[in-house]
Amino acid sequence: MKIKCIINGIERNYDVDPTMRLRDFLVSKGHFAVRDSDDAEGFCGSDTILVDGVPVMSNLMMAGEIDDCEILTPDGLGNTENLTIVQKALIDAGVVQSAYNSPATALLLTWLLENNPNPSKEDIKDCLSGIFIRDAGYEHYYLAVKLAQEKMRDGEYKTVTAPSFRDEYKVVGKPGAKVDGPQLVSGGRAFVEDFVDADTCYMVCVRSPHASAYVNSIDTTEAMKVPGVVEILTPYNTPETHYMQAGQGEPEPSPHDRRLLNLKARHVGDRVAAVIAETLEAAIEARDKVVVDWEVLPAVFTVEEAMAEGAPLVHAGPVEYRAGAPDDLDEYNARASQDPREGKVIYQFPLHADVQKNLAASNHGGIGDVDKAFAEADAVAEGMFQTTQIQHTPLETHICFAKMEAGRLVVVASTQVPYHVRRICSWVTGLSQNRIHVIKTRVGGGYGAKQDILVEDLTGYAAFATGRPVLYHNTREEEFIANSTRHPMRVYVKMAGTKDGKLTGIYMDVKANTGPFGNHCLTVPMNSCSKTLPLFKCDNMKYDLEIYYTNCPPAGAYQGYGTPKGTYGLMMVMCELAEKLGIDYKDFVLNNHVDEGYMLEILKGLGEGREGNVVPVGSCGLRECIEKGCEMIEWGKDASDEAPGPDWKVGKGFAMIMQGSGLPGLDHAEAIAKLTTDGNVILHSGGADIGTGLDTISAKIVSELICIDMDRITVLSGDTDGSVFDTGSYASSGTFFSGGASLEATKKLKEAMLQEAALQMDEDPSDLELRYPGEVHSLKTDRTLSYYELSHTACSGEGRGEMVGHGVFVTKASSVPYGAHFAQVAVNVKTGEIKVQKFYALQDAGTPINPEIALCQMYGAALKSIGHSLYEDMILDENGVCINANMTDYGVPMINEQPDDFKSVLVDIKDEFGPMGAKSISEIACNGAAPAIGNAIHDACGVWIRSWPMTPEKILKELGKI
Amino acid sequence: MAEKLIIAQSAEEAVKAKTSENVYIAGGTEAMRLGTSVDCDSYVSVRKVPAMHQVRTSDNNISIGAACTFQELLDSEDVPEYLKEALCFMASRTRRNMATIGGNIATCRNDSFLVPTLLAAGAEVCLMDESGETKSIGLESYIAGRSQYKDALIVSILIPRIAAVKSARSANTAQSHARLTAALGVKDGRYYAVAAIKNYGLVKFGTLMTRLSQGGLSEDEIVELFKNDAKIALTDDRLYGGAAYRKYLLGITFAQMYEELKG
């Protein structure tokens, strides 16, 4: 069909397949910022364009329908060098983070302001009602519109975008200048899909329809006949190497319990074969012709089923240990299944597991005597809390492009852990690491999902095995069923206290469901104790932790790890205990939280499979967060006048929270800073910026120390050839570890510059300083030397060489972020509906190096946590099939679910150990919503809701209505 | 080979182009959507038929062109508030810019945004057959005999300008599929109660209609009526709630709408 249209102001004539999706057509014409996050579900809005001036979803239109139409795509706004006011305002407001649909959002807000120059909050909400954002929340979109309006009207911003911190610094602690903002908001090439070669092949996976089944055989005869099929990988033609997909420092506290393709499917969606073909259509056609002969086995889906005597075993094969094998291992393995399809489980060191009881790992410990504490207490409270399986739902689903180039494997990945990707690709291909180059692109949302090497292993192997470039991209359904998720957990908490307001005993029994594989099976559940119990000044604490294999979809890393679940149980039982003791909950919390200097004996048993570091509490803004939050929400004041109607009851609740800043003693980060020959700086960071502003942090550190403006600094990160080792972005390590490495590298560069300048200027280095706008200055002679001259001479025919600083950051010091989250909810006692009227997130984050970005991350993580608490749940049927593996049914919160009054507050506490006094920010903000909302629901209507999600149906049941 | 996409400029052109091999398409939010119920890859698009985007008023009624989008109707001063209440059930503005009233009726999903409200208002649909002849029938009749009208084009919808209708929707989030969409209308003292129940269907509640029309019922009586109505054979649904919950929800929802209508 021949069509004529205007695209981004240019008249075009095309001959199109009229029923081709409009989005696919536009991408084929180079408008790749028109993205797809939902396989045409009409949900996320990443595919938004304007047709004849009206915002529509291009995935829901056909190419033929734009005949005689005028189209505006997101890349038709400003470009990187010439941003529009709206694009710039979005960056300045801090909402351009992982940014997969930031261009679409910029387009929508541009449309809004053109049609309504003075939009109300409701107008903005309506405009963005078809946009899903996971990372930054929606609150600062209102700010972005306000900034854009001010700029259009007054020529400058009148509103301060975020508070500033640390007067002694010029850019650190000040809002502005996200280094990748222009590229991301304007729709420049940024993500894996933008770097795929034209001759790429496509890979799709053959997945199990059964929760547990042996593969008897795989017949690929008919599939191989499909024109364009290049290869079909099966368990029979791929390596038997056992490994795991968790991105963790080696040796990992995760069992090596899988192969690239297994002969036993352990969950619905488990991959057992992969088709590589020259077109996606051919790959799909061939996939449907692969015949797998299954031997269906009984399955287990819950911890209770997995624990039961005689339960079907998820891993029934033999076990090996790389270190610390028990003496009776041979005897143990003699009881194992001898069926080779089971494979084996290899432990790097003991995790106190027993696969013959589905036990993937365990840990037990404590301090003091809890039994005595419970016996002597004035009151005891207890409760069993259940959390469900939650998906990360990044806007960019998992994707990888891999190819062989000059005998090396090049892996282009959307990953949080490029160096772990390199190691695991090395394991599965057998190539040494010098022959593997991992390029991390911008990451369209991670939240822990991209800490696991879920698609890079197979894609890398496919490229290696075929010699052809290979692209793999998860569908949204695969994102649910074949990815990692948040571990479902059952947390039992018992607490004891005395009438004088002292917390005297805590017991936690945590049972976690790791699904079919043990990715992070110890670490995640461990966090439910290790990132919660150190909040309390309590002499008697005990925990029992057991993690079970099941046939649910896989679990793995998820922002917050196990902490949100431990916090949920602990802070709700603490609230109940306060009530039993007749003490105000706020006073009870203030009486019993830790403060600076308190020795955390509880940490001794809470290392990751080894003895933990007992350290005192460092910088701690917990009390400030609690007190300020109580003031803001008017703790103790009756809010019934804020009820939306006569059937509504209003209540308030809060929870104190903590996290970590990386893993002291385990994490490792490096960076190299070098002065270019014209006197500017390139910093090669091993860190992986996943949209969180890590590269900006590094650039700001360089700017402060080298005394040059940000535009004279380039940060190159996440490229295993071009940078130096870093364990990656997880466990809140980015700012603390990778930022720490950037600081160390910059200090070394500064030292090298002063040494070289001293030689060139014939002065003593101690008499020299670096100063703005980029020159060496002698305090003794007042002479100056420009960086250009300094570097040019150093790199001349007689020079001593380029000035370089190599920084390594490792530490045993622990910088813990603290906070308190507050909720005011209204509960309709007739319908069970819950409205979060107010949500205040207060956090001590040390020095917030990028304050506007930090605030948005707090909004994003808190909203995510509100979603987990109220709406989100992967629901399996009796056969283990996820029946809501799509965005609409799964239930992520969008702008309509955001609390009406939503505030993030940074409490100013400078840390002793973090770079420029910083701690981590984002992950901790996942931890507070469930107990804050749960306690508020109780305050409103008297019921305790002890399971996620807290639905109207559960409320009505507790109220005795049904 | 038949054309895969015919873009009609008039309703007459559309019905002439309709064959057993293609389907009508308007906004595309159902036909083009992942998991669509529309099993066809050839289309007759009525998106650009000008007459089907018109809203015309007469003394008592409003005629709404079937290709009017939800948002066009929300922006129209002629569309009554009771319909706007239901149009807002589609939370996404961008989808409201695409989805059409005719499409919502034609697909008649059991989580339909508009059908319960239109039924409660006593709406009629104007159908055009392949010869270009038009006729109006009640929406209820259209839905009951939908298979016989599958080749007919809905060109417009006729609704009363003033009607006492309340609508309610219950869903996990604003964007989730509705577990139920309910509407209650009253005209000359006679009530019309209907709900679209996800994974169950479109249900008219005759007993409730009769009891309400006969005289007042209390909230508790309405809740009890649904609780004990064996004809509502809901079962526990993992996604949309237990049977007891959904029956209770139906009861309390109708009770609240009844109170509002009375008020």
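FYI, it's all coordinate maths here, none of it is from the lab. Given the structure is predicted, the values throughout are model-derived calculations rather than measurements. Neighbour counts run over all protein chains shown; Cβ positions are idealised from the backbone, glycine included.
Please list, by residue number, every one of the trypsin sites (Lys or Arg not before Pro) in the stretch A:612-704 that is coil in DSSP and has at most 12 other beta-carbon atoms within 10 Å.
Those satisfying the criteria are A:K637.
When Lys and Arg each count +1 and Asp and Glu each count -1, what net charge do the other residues less than 12 Å away from A:S337, Cβ to Cβ, add up to?
For residues surrounding A:S337, the net value is +2.
Other chains near A:49-60: what is the mean number of their Cβ atoms within 10 Å of each residue's Cβ?
Numbers: counts 1, 1, 3, 0, 0, 6, 7, 8, 9, 0, 4, 13.
Neighbouring Cβ atoms belonging to other protein chains average 4 per residue here.
Calculate the dipole size of chain A relative to its Cα centre from +1 charges on Lys and Arg beta carbons and -1 charges on Asp and Glu beta carbons; express the result in debye to the nearest 20. Before the final figure, lay out each step's value.
Numbers: 86 positive and 135 negative charges, 120 e Å.
I would put it at about 580 debye.
With 22 Å as the limit, write out which pairs from A:K372/A:K542; A:K565/A:K628; A:K88/A:K146; A:K954/B:K204; B:K187/B:K231; A:K580/A:K864 have Cα-Cα distances beyond it, or answer none. Write out the running numbers ahead of the final one.
Details: A:K372/A:K542 12 Å; A:K565/A:K628 25 Å; A:K88/A:K146 12 Å; A:K954/B:K204 28 Å; B:K187/B:K231 25 Å; A:K580/A:K864 32 Å.
Violating the 22 Å limit, Cα to Cα: A:K565/A:K628; A:K954/B:K204; B:K187/B:K231; A:K580/A:K864.
Once amide H atoms are placed 1.01 Å from N in the peptide plane, what residues at a sequence separation of 5 or more from A:V438, or on another chain, have their amide H within under 5 Å of its amide H?
Residues meeting the amide H criterion: A:V411, A:T720, A:D721.
What number comes out for the charge environment of B:L180, summing +1 per Lys or Arg and -1 per Asp or Glu over other residues with Cβ under 12 Å away?
Neighbour charge sum, excluding B:L180 itself: +3.
Relative contact order of the stretch A:669-809: what whole-number percent is it, with Cα pairs under 8 angstrom and at least 6 residues apart? Mind showing how you got there, number by number?
Numbers: 312 pairs, mean separation 48.6, N = 141.
With pairs under 8 Å counted, the relative contact order is 34 percent.
Just from its helices, what would the mean residue ellipticity at 222 nm be for chain B, if runs of 4 or more DSSP H residues each count -39500 (n - 2.57) and the sum is divided by every residue, rounded to the nearest 500 deg cm²/dmol?
-8500 deg cm²/dmol
To the nearest whole number, what is the average tally of beta carbon atoms from other chains within 10 Å of the beta carbons of peptide B:171-183?
Mean number of neighbouring Cβ atoms from other chains: 5.
Stick to the Cα atoms of chain B, pair each with every other, and give me the Kirkwood hydrodynamic radius in Å at one decimal.
After inverting the mean inverse Cα-Cα distance, the result is 19.0 Å.
Arrange the following residues from fewest to most other Cβ atoms within 10 Å of their Cβ: A:V892, A:V905.
The most exposed by this proxy come first: A:V905, A:V892.
Using a 10 Å cut-off on Cβ to Cβ distances, tally the other chain neighbours for every residue of A:494-507 and report the average as a whole number.
Neighbouring Cβ atoms belonging to other protein chains average 0 per residue here.
Go ahead and estimate [θ] at 222 nm for chain A from helices alone: -39,500 (n - 2.57) per DSSP H run with n ≥ 4, summed, over the residue count, rounded to 500.
Value at 222 nm, helices only: -7500 deg cm²/dmol.
Quick one: order A:S254, A:S766, A:S46, A:S786 by neighbouring beta-carbon count within 10 Å, fewest to most.
Taking fewest neighbouring Cβ atoms as first place, the list is A:S766, A:S786, A:S46, A:S254.
Going by average Cβ neighbours within 10 Å, how do the peptides A:503-513, A:211-221 rank, with the highest at the top?
Final packing ranking: A:503-513, A:211-221.
Using mean Cβ contacts within 10 Å as the protection proxy, how do B:115-124, A:534-543 order, highest first?
Highest-to-lowest ranking by the protection proxy: B:115-124, A:534-543.
Once you've got the GNM for chain B with C-alpha springs shorter than 10 Å, pick whichever of B:G201, B:G215, B:G242 has the biggest mean-square fluctuation.
Result: B:G215 has the largest fluctuation of those listed.
Using the alpha-carbon centroid of each, what span in Å lies between the stretch A:260-282 and the stretch A:619-690?
Measuring centre to centre over Cα atoms gives 40 Å.
Using Cα atoms only, what is the angle between the long axis of helix B:219-228 and the major principal axis of chain B, expressed in degrees (0 to 90) to the nearest 10?
Helix B:219-228 and the main axis of chain B meet at about 70 degrees.
Taking only the C-alpha atoms, wrap a convex hull around chain A and report its volume per residue in Å³ as a whole number. Provide the component values of the computation, followed by the final result.
Working: hull volume 175.1 nm³, N = 962.
Enclosed volume per residue, from the Cα hull, is 182 Å³.
Please identify the longest segment of chain A free of exposed GluC sites (Glu not before Pro), where exposed means a DSSP state other than H, G, I, E or B and no more than 16 other Cβ atoms within 10 Å.
The answer is A:310-595.
What order do you get for A:V145, A:V51, A:V491 when you list them from fewest to most C-beta neighbours inside 10 Å? Walk me through the intermediate numbers first.
Working: A:V145 24, A:V51 20, A:V491 27.
Ascending number of Cβ neighbours within 10 Å: A:V51, A:V145, A:V491.
Using the alpha carbon gyration tensor of the stretch A:1-158, what are the three equivalent-ellipsoid semi-axes (square root of 5 times each eigenvalue), largest first, in whole Å? Mind dumping the intermediate values first?
On the way: eigenvalues 155, 55, 35 Å².
The equivalent ellipsoid of the stretch A:1-158 has semi-axes of 28, 17, 13 Å.
Quick one: which of A:553-562, A:660-669 comes out on top by average Cβ neighbours within 10 Å, and what's the full order, highest first?
A:553-562, A:660-669
Over the stretch A:206-363, what number does the Rg to Rh ratio reach, with both radii from the alpha-carbon atoms and Rh per Kirkwood?
Over the Cα atoms of the stretch A:206-363, Rg/Rh equals 1.03.
What is the sum of charges around A:E763, taking Lys and Arg as +1, Asp and Glu as -1, for the other residues whose C-beta is under 9 Å from the C-beta of A:E763?
So the environment of A:E763 carries a net charge of -1.
Relative contact order of chain B, please, whole-number percent, based on alpha carbon pairs below 8 angstrom and at least 6 residues apart.
Working: 521 pairs, mean separation 40.6, N = 263.
Normalised by residue count, the contact order of chain B is 15 percent.
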